[in-house]
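Have a look at the structure below before the remarks.
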Amino acid sequence: MSFERGTFAVTIFELPDKLPDDYIERFAARKAGTLDSVTDELQVGWVSGRHLLENNITEETISAGTGCRVTLRKAVRKIPASLLNAMCSREELIWMRANESDFVPSRVKKELKEEILEKNLQKFPPAVSGIPAVIDMATDTLYICTGSTAQLDEFLMEFNETLHLDPVPFAPAGMTEELAGCSVGDIPSLELVKGALDEPNVNRDFLTALWYFNETGRTAKHPEFGEFEIAVDGPLVFANDEDGCNGAAEISVKNGENPLRSAEAKAALSVGKKLRKAKISLVRGDEVWSCVFDADKFNFSGMKLPEGEKLDQDSVFGERLLSCYIFKSGIAAFFRLYAEMMLGVNREKEVAAIQRWVAEHDGV
């Protein structure tokens, strides 16, 4: 999975401050070791964003335009479990015959295993993986190319220890404070059906509202990047955290030519279930960004950017970096539209219109 080409998963963060002047030296000081030095203990360190073997971190290897690309590499060397067990069993049989014994003491088992690892571990190649990321220094935005919570935690911990920066998730909590000047807890829960029980979840409310904006032709305007449209498509995942939601807590709608108009989708909406995950397309003129939006995690998988025009590698990278920022800005513009709707003087009127949309939603 590469930021520079094709589709990718991404979770977006905003940096609380500029990168320190010596950020390259800091990454280099915590670079990954050579593969020859990898043992059965996990080795974690930075490599360039170009490939997992490049631990020479310099301005040339990690910089491109206004961006900085790095990868947190993890490497460990192991003997496959089934093979290690077989090797241990063989050595234990040899030991029992040599010592005329019917069993092997646990202390001896441990010693035999340690000897096997010492003699054979370096014969096996290390397992290597990485979590790539791109930092846009012009906009102080961090794009981590994963949707895994565990990988995000690993990356952010090492990132903080390296640069002493604590990135802020691009999510409703931060956007509410920046765009609306209040706490995310001040945004009322979106009541799709009067009386339907539901725990407050502004992330799911927002994704469900995007579906409503799509079907009612609502657009969002950004002061720098203009007007955006939004489209929602299947597969759809509906969720409701309350026990009294009349049915399963989660419903997936994947099949059929039009999941949005399926009987399953209509049934989910009619009891107040909200979208947790769906495919979305952000449109600006002839440009289309498409991805699967996981509202709970607020990340985007299968991200496909508009076709670019640049040919050389650095220009392509810069173009895609700008494209990601435009996507981020478009999502923020739609969230502003949603927040203003829920916090404005016409909120009751707007919510009533959404409830009519739910009630009249077609299902086939």
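The values are calculated or read from the model by the stated rules, or taken from the named source; none is laboratory data. What you see is a predicted model, and the numbers here were worked out from it, not measured in a lab. Don't worry about glycine lacking a Cβ; one is built from the backbone with ideal geometry, like all the others, and counts go over all protein chains shown. Ligands, DNA and RNA are excluded from the accessible area calculation, which covers all protein heavy atoms including side chains. Shrake-Rupley method; radii C 1.70, N 1.55, O 1.52, S 1.80 Å.
Here are some notes:
- Of all the numbered requirements in (1) modelled with pLDDT under 95; (2) open to solvent by 80 Å² or more (accessible area, probe 1.4 Å); (3) under 29 Å from Met303 (Cβ atoms); (4) not polar (S, T, N, Q), Gly65 misses one, and that requirement is (2).
- Applying the criterion of being polar (S, T, N, Q) and more than 17 Å from Asp22 (Cα to Cα) to the residues of the range 36-54, the residue that is surrounded by the most Cβ atoms within 10 Å (Cβ to Cβ) is Gln43.
- Residue list for the range 164-176, restricted to those being open to solvent by less than 40 Å² (accessible area, probe 1.4 Å) and part of a helix (DSSP H, G or I): Pro172, Gly174, Met175, Thr176
- With respect to the stated conditions, Leu179 is part of a helix (DSSP H, G or I), touching a helix residue (DSSP H, G or I) at 6+ places or on another chain (Cβ under 6 Å) and open to solvent by less than 50 Å² (accessible area, probe 1.4 Å).
- The residue list Asp296, Asp314 contains one member that is touching a strand residue (DSSP E or B) at 6+ places or on another chain (Cβ under 7 Å), open to solvent by 40 Å² or more (accessible area, probe 1.4 Å), more than 20 Å from Val134 (Cβ to Cβ) and touching a residue at least 60 places away in the same chain (Cβ under 8 Å), which is Asp296.
- Cross-chain or 6+ apart pairs with Cβ under 7 Å, the range 346-360 first and farther than 22 Å from Glu264 by Cα, then assigned to a helix (DSSP H, G or I): Arg347/Met341; Glu350/Met341
- Residue count, the range 1-26 (criterion: among the basic types (Lys, Arg) and either assigned to a loop (DSSP other than H, G, I, E, B) or modelled with pLDDT under 95 (or both)): 2
- Filter pass, Val345 being at pLDDT below 95, over 22 Å from the mean Cα position of the chain (by Cα), among the hydrophobic types (A, V, I, L, M, F, W, C) and not in a helix (DSSP H, G or I): yes
- Filtering the range 167-185 to residues that are under 21 Å from the mean Cα position of the chain (by Cα) and in contact (Cβ under 8 Å) with a residue 40 or more places away in the chain leaves Pro167, Val168, Pro169, Phe170, Ala171, Pro172, Gly174, Met175, Thr176.
- Number of positions in the range 250-263 that are in contact (Cβ under 8 Å) with a residue 60 or more places away in the chain and either open to solvent by 60 Å² or more (accessible area, probe 1.4 Å) or in contact with an Asp or Glu (Cβ under 9 Å, 6 or more places away or on another chain) (or both): 2
- Pairs, first in a helix (DSSP H, G or I) in the range 86-110, second of a type in the set (Gly, Ala, Ser) and loosely packed, with under 15 Cβ neighbours inside 10 Å, C-beta under 8 Å, six or more apart: Trp95/Ser101
- Some residue of the range 78-87 being open to solvent by less than 10 Å² (accessible area, probe 1.4 Å) and either closer than 30 Å to Val316 by Cα or β-branched (Val, Ile, Thr) (or both): no
- For Ala133, the conditions (1) assigned to a strand (DSSP E or B); (2) of a type in the set (A, V, I, L, M); (3) more than 22 Å from the chain's Cα centre (by Cα) all hold with the exception of (3).
- Residue-level analysis places Glu161 outside the set of residues that are in contact (Cβ under 8 Å) with a residue 12 or more places away in the chain, part of a loop (DSSP other than H, G, I, E, B) and either among the charged types (D, E, K, R) or touching a Gly at 6+ places or on another chain (Cβ under 8 Å) (or both).
- Test result for Tyr325, open to solvent by 30 Å² or more (accessible area, probe 1.4 Å) and of a type in the set (Phe, Trp, Tyr): yes
- Single residue of Thr216, Thr141 found to be crowded, with 18+ Cβ neighbours inside 10 Å and polar (S, T, N, Q): Thr141
- Residues in the range 27-69 that are assigned to a loop (DSSP other than H, G, I, E, B), among the hydroxyl-bearing types (Ser, Thr, Tyr) and free of Cβ contacts under 8 Å to residues at least 40 places away in the same chain: Thr34, Thr58.
- Of all residues in the range 186-213, those that are without any contact (Cβ under 8 Å) to a residue 60 or more places away in the chain and open to solvent by less than 30 Å² (accessible area, probe 1.4 Å) total 1.
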